[in-house]
Amino acid sequence: MGEKADGAPLGEKSNANSQNTDQRNPHVMPGSGDQVLSKYTLYETKSRFYITASSSNRHRILKIDRTASDTLNVFEDHAIYDAKQLDTVLRMVDDGNKSAGGLEKVLDLHGIIGFVRFTGSWYIILCTKRSVVGLLGGHYIFHCDETLMLAVTSRVDKTAEETRLLNIFQQVDLTKNFYFSYSYDLTNTLQISLTRPTTYPTFNQHFMWNHHLLEPAFDLSDEHDGENGRTRGHHKCSSWVLPFIHGFVDQAKVPILGRTIYATLIARRSRHHAGTRYLKRGVNDKGHVANEVETEQIVSEPLVTSFHIGSSLGTHSKYTSYVQIRGSIPLHWTQDTTNMSPRPPIEISVVDPFFAAAAKHFNDLLERYGAPIVVVNLIKGKEHVARESKLLKAYAECVTYLNQFLPPDESKKIRYIAWDMAQATKTKSQDVIGVLEDIAEESIQLTKFFQSGPANSRDEQAYRDGMQLQTGICRTNCIDCLDRTNAAQFSIGKKAFGHQLHALGVISSPDLGFDSDVIDMLIEMYHDHGDTLAWQYTGSALVNRMDTYRRTKSRQWSSHSRDLLENVRRYYTNSLLDADKQAAMDLFLGVTGEIRKKPPKRLHYQQWFDPANLDKPQSAPRDITAFDEKGKGDDEVEPIPEALTPPYDIWVDYYKPHLLSQFQRLYTFTMNSTNKQIRGTNGHILSPFQSRVNAKQSRKHKHTEAHKSKSEVKDKSHRTSAGIATASLPSNPNGEPLEKHPIEAFVADLLDPTLSDAKREEYEWYAFYQTSELISSADTVEPQDLDLYYRAAEIAQGNIPEQRESDQAAYERYVYGLLGESTENTGEKRYTTKDWVADTASQHHP
C-alpha cells in the first residue's frame with residue numbers, strides 16, 4: 001500500500017468493491033483468504049513483475065521487484081478493482097515505463113506455486129496448465145499438468161553450484177500428483193472444512209507441500225513452532241496463497257435408479273519426514289513419521305451444487321466422509337543398504353524406555369483427530385531371521401507404556417491390533433479378507449464417520465436426527481506401509497463405504513459383497529491409490545494387490561510375472577536412484593542438515609498427552625461437539641450471515657454462463673462411472689450392488705433352457721410366472737400375502753417386470769439369440785426367412801423360380817386394390833396375372 005509502481009500509483013485508496021473480511025461467505029471455504037482468486041496473468045516491465053488475479057469482476061494486483069538479486073520484495077495491493085479500473089491501472093503502468101520498453105504481457109497462468117533461491121537470484125514457479133480431477137460442493141479440484149520456472153531478475157549468473165542445485169530441484173516433478181483448488185481447502189478434511197468457525201486456523205500446513213516456497217513472499221508463521229514441530233496453520237492468510245498437496249485424488253459416480261452418488265478418494269502426503277523407502281524410516285525427534293498419508297473417502301449425493309442449503313451449516317445431509325491414515329512404525333529404526341541386499345536388516349537405532357518420539361506422534365494424532373486411536377499393525381511375527389519381529393515386540397511395549405497413563409475409559413485408550421497378515425496369506429485355511437473386514441467394522445464402530453446432517457436411512461437403529469462427527473482415527477501400518485497396508489485400508493474403506501451409503505438411504509444394509517460394479521470401482525480406485533503412493537515412496541507400483549489376498553483365479557495366471565518385475569524395479573530404484581530423489585525432496589521442502597542449536601522440548605514422561613484432546617472430537621474445532629444418540633450437542637455451529645455479498649461467485653465459476661457448454665467438456669458428464677449396462681436374467685440393468693457371479697450363472701442356465709422345445713419353454717414360462725406371482729409377495733404367519741408399499745411395488749416391478757406368456761417366450765428367444773455364443777446362425781434363423789434368402793439368391797443369379805399360387809393371388813389382390821375394384825362376390829372371370837403377361841407379350845411381339 002502506498003507504493004508507486006513504476007510511476008503509477010497502486011493501492012493508494014480503498015476501492016468501493018472492497019469486502020468486509022469479518023463476515024463469512026457460505027461459498028468460500030475458510031482458509032481461502034478474504035477473496036478467492038482463480039484467473040492469473042503475468043505482466044513485466046524492466047524493473048517489476050505484475051501479476052493480476054481475478055474472481056468474477058473483482059481483480060487484485062501483486063508486484064514483484066526485479067532489481068535486487070539477493071532479496072525478494074513482493075508487494076501485495078489490497079485494493080480490489082473492477083475491469084475498467086484494472087485496465088486504467090495497467091495503462092498507467094505502461095505509460096510510466098515507455099522509456100524502458102513499457103508493460104508487456106508474458107502469459108496467462110493458473111496459480112503461483114512459490115519462490116526459491118539457491119546461490120544467486122530468486123526464481124518464481126508458476127502453474128501454467130491444469131486439468132479437473134474432482135468436484136466437491138461446486139468446488140473444482142485441479143491437477144497441475146505443466147509448470148514454468150522464471151528468474152525474477154533479468155540477469156542470472158549461473159555458477160556451477162547454482163546449476164547443480166537447479167538440476168536437483170527440478171527432479172521433483174510438479175506435474176505428477178500435485179493438486180490444488182481455488183475455493184476448497186484440500187489440506188483439511190471435509191469435516192473440518194464444513195464445521196470450523198472463522199477464528200479457526202486456516203490451511204493445515206502439515207500437508208501443504210509448497211509451504212517452504214511461499215514462506216519467503218507471504219507470512220506463513222507457524223502457531224506451535226518450537227514445541228513439537230507441529231505446524232497447524234495461521235489465523236489469517238493472503239488471498240495469493242494457493243496450497244498444493246502431494247498425493248492422490250480420484251472420483252467416480254454411481255448411478256442408482258435416477259440417483260447419482262459421487263465417490264471421492266483424496267490422499268494427502270505429509271511434508272514432514274518425507275522421503276524415499278530406505279532413507280526415511282520410523283520417526284524423528286519431533287514425532288513425525290515416514291510415509292505418513294491421510295486418506296479421506298467422501299461419499300455424497302449432490303442434489304444441490306453447494307455444500308450448504310441457504311446460509312446455514314449442517315442442513316445438507318448428503319455429504320459423508322471417513323478418514324484413515326498410514327505411517328511408518330513410530331520408533332527410531334533404520335535399514336542399512338550399503339551391502340546391496342534386497343532385504344536389508346532392520347536395526348532399532350535408539351532405544352528410549354520412555355518412547356518420547358512416539359508419545360509426540362500419538363499426541364499429535366489426538367490433537368488432529370481425537371480419541372480413540374486404533375492401531376492396526378500388520379508386520380510379521382514369526383521369522384527364521386528376526387527382522388520385522390524386532391519391531392513387533394518394541395511397538396507393543398510402546399503402546400502398553402503409553403496406554404497406562406491414559407484415562408481408564410477404554411474409549412480414550414489406544415486400541416492396538418497386531419496381526420501377521422503375510423503368514424495368514426500363506427495359510428489357505430485363513431480368510432484374510434474376512435479378518436480385515438472384522439477389524440474394519442470394529443474400527444468404524446469406535447471412530448464413527450462424518451455426516452453433514454441427519455441420517456437418511458429408514459432403519460430405526462441407524463436413525464439419527466443430527467450431524468455426526470468422526471472422533472478418532474484408524475492408523476494402519478506394515479513394514480513399508482504399501483502392499484499390506486493398502487489392502488487393509490481398502491477393507492476399511494469398503495466397510496465405511498457401506499455405512500456411508502446406508503446413512504444416505506441408498507442401501508438397506510451396510511454390508512456389501514464383492515464382484516459387483518460398485519465394489520470393482522472401489523477396488524480400482526484403491527489400486528490406483530496404492531500404486532501412486534508406492535511410486536512416490538519406492539519408485540515402483542504395488543507388488544501384492546487385492547487378488548493376492550482374495551486368492552482369485554486371475555491371480556494364478558497374470559500376477560506372478562508382474563510381481564517379479566515390480567520387485568526388480570523396486571530394488572533397482574532403491575539401490576541407485578533414491579539418494580538423488582531424497583536430495584531433491586529435501587531441497588524442495590527446505591530440509592537442511594544443520595545441527596540443531598537446542599534439542600526439541602521433551603514431553604512429560606507420564607503426562608505425555610494434552611488432556612483437552614481427549615474431551616471433545618478434534619476433527620472439528622473444540623467449540624463443536626459430537627452429537628449423541630438424540631442428536632443434541634452442548635455447542636452449536638456458528639451460523640453464516642445471511643446478508644452478504646460474496647467475493648466468490650460459486651455459480652459463475654461452476655456453471656460458466658459466459659461460455660458455450662458442451663457435454664464432452666463437462667467434467668460431471670465425462671466422470672468415470674459404474675454404469676456399464678450389464679444385463680441380468682430378465683433383461684434389465686443389474687443394480688451396481690448386485691454380484692455378477694449370480695448373473696453369469698443365471699445366463700448359463702438360460703442358455704441350457706433355450707435348447708428345449710417351444711412347448712417345454714412355454715410350460716416352463718407358465719410355471720415360472722405362477723411362481724413369481726406367489727413368491728414375490730411376503731406373507732404373514734397365517735400364510736396370507738402382505739400388501740407392499742406403493743414405492744416398493746413400483747421398484748419391484750421395474751426390477752422384475754411381469755410379462756405375458758407370448759411376450760416372455762418371444763423375449764427369451766431374442767435374449768438367447770443375442771447373448772449365446774455357443775450356437776450357429778442356422779439354428780436361430782426362422783424357416784420362412786431362410787426360404788426368402790434362398791429365393792433372393794436365385795433371382796440375383798438370374799434363375800427366376802416358378803411363381804407360386806399364393807404369391808400370384810397376393811399380387812392380384814394388390815393390383816385390384818390399386819384399381820379400386822374388388823373380385824369378391826362377382827361372377828365375372830378374373831383378369832389374372834398370366835393373362836396380363838400374355839397380353840403384354842402379344843403387344844410387343846405381334
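The values are calculated or read from the model by the stated rules, or taken from the named source; none is laboratory data. In this text the structure is predicted, and so the values were computed from the model without any measurement. Virtual Cβ from ideal backbone geometry, glycine too; neighbours counted across all protein chains shown. Just the protein is used for accessible areas: all its heavy atoms, side chains included, with ligands, DNA and RNA removed. Shrake-Rupley method; radii C 1.70, N 1.55, O 1.52, S 1.80 Å.
In this structure, the residue pairs whose Cα-Cα separation is over 30 Å, taken from Lys46/Lys656; Lys105/Lys253; Lys412/Lys495; Lys382/Lys448, are Lys46/Lys656; Lys105/Lys253; Lys382/Lys448.
Where does the charge balance sit around Lys495 when Lys and Arg score +1, Asp and Glu -1, over other residues with C-beta under 9 Å from its C-beta? Net of charged neighbours comes to -2. Charge tally around Tyr322: other residues with Cβ under 12 Å, Lys/Arg +1 each, Asp/Glu -1 each, net +1.
Phi angles across region 156-166 convert, under the Karplus curve 6.51 cos²θ - 1.76 cosθ + 1.60 with θ = phi - 60°, into 3J(HN,Hα) values of 10, 8, 8, 7, 5, 5, 4, 5, 5, 5, 5 Hz, Gly and Pro given as x. Length available on full extension from Ala83 to Glu383: 0.36 nm per residue minus the Cα-Cα distance, which gives 101.0 nm.
Calculated over region 70-188, the projected area of the Cα convex hull averaged across directions stands at 10.2 nm². Put simply, the amide H of Ile113, placed in the peptide plane, has neighbours under 5 Å in Ile125, Leu126, Cys127, leaving out anything fewer than 5 places away on its chain.
With a 1.4 Å probe rolled over the protein heavy atoms of all chains, the accessible area of Arg569, Arg343 falls in the order Arg343, Arg569, largest first. Putting +1 on Lys and Arg Cβ atoms and -1 on Asp and Glu Cβ atoms, find which of Ser56, His78, Gly101 reaches farthest to the positive end of the dipole of region 52-110. The residue sitting farthest along the positive end of the dipole is Ser56. Accessible surface computed residue by residue for region 257-366, with neighbouring protein chains in place and a 1.4 Å probe, gives 30 Å² per residue.
The chymotrypsin sites (Phe, Trp or Tyr not before Pro) of region 155-220 include none that meets both criteria, a DSSP state outside H, G, I, E and B (loop) and at most 14 other C-beta atoms within 10 angstrom of the site's C-beta. Largest first, the residues His527, His212 sort by 1.4 Å accessible area into His212, His527.
Phi angles across region 433-445 convert, under the Karplus curve 6.51 cos²θ - 1.76 cosθ + 1.60 with θ = phi - 60°, into 3J(HN,Hα) values of 5, x, 5, 4, 5, 5, 5, 5, 5, 5, 5, 5, 5 Hz, Gly and Pro given as x. Here region 425-521 has 45 percent of its accessible surface on carbon and sulfur atoms, given a 1.4 Å probe and all protein chains in place.
Put simply, region 368-525 fits an ellipsoid with semi-axes of 30, 22, 11 Å; these come from the alpha carbon gyration tensor as the roots of five times its eigenvalues, largest first. In this structure, the amide hydrogen of Asp145, modeled 1.01 Å from its nitrogen in the peptide plane, lies closer than 5 angstrom to those of Lys129, Arg130, Ser131, counting only residues at least 5 positions away or on a different chain. Coupling constants for region 656-661 follow from the phi torsions by the Karplus curve (6.51 cos²θ - 1.76 cosθ + 1.60, θ = phi - 60°), and in residue order they are 6, x, 7, 10, 7, 8 Hz; glycine and proline get x. So what does the Cα-only Debye profile of region 397-476 read at q = 0.10, 0.12, 0.20, 0.23 Å⁻¹, as log10 I(q)/I(0), no solvent term? Log-scaled intensity ratios, in q order: -0.39, -0.55, -1.01, -1.10. Amide H to amide H, with H built 1.01 Å from N, Gly466 comes under 5 Å of Ala455, counting only residues 5 or more places away or on other chains. Just how far, in whole angstrom, is region 364-384 from region 248-311 if you go by their alpha carbon centroids? After rounding, the separation between the Cα centres reads 19 Å.
Spin-label model, Asp547/Lys129: points 7 Å from Cα along the beta carbon direction are separated by 3.3 nm.
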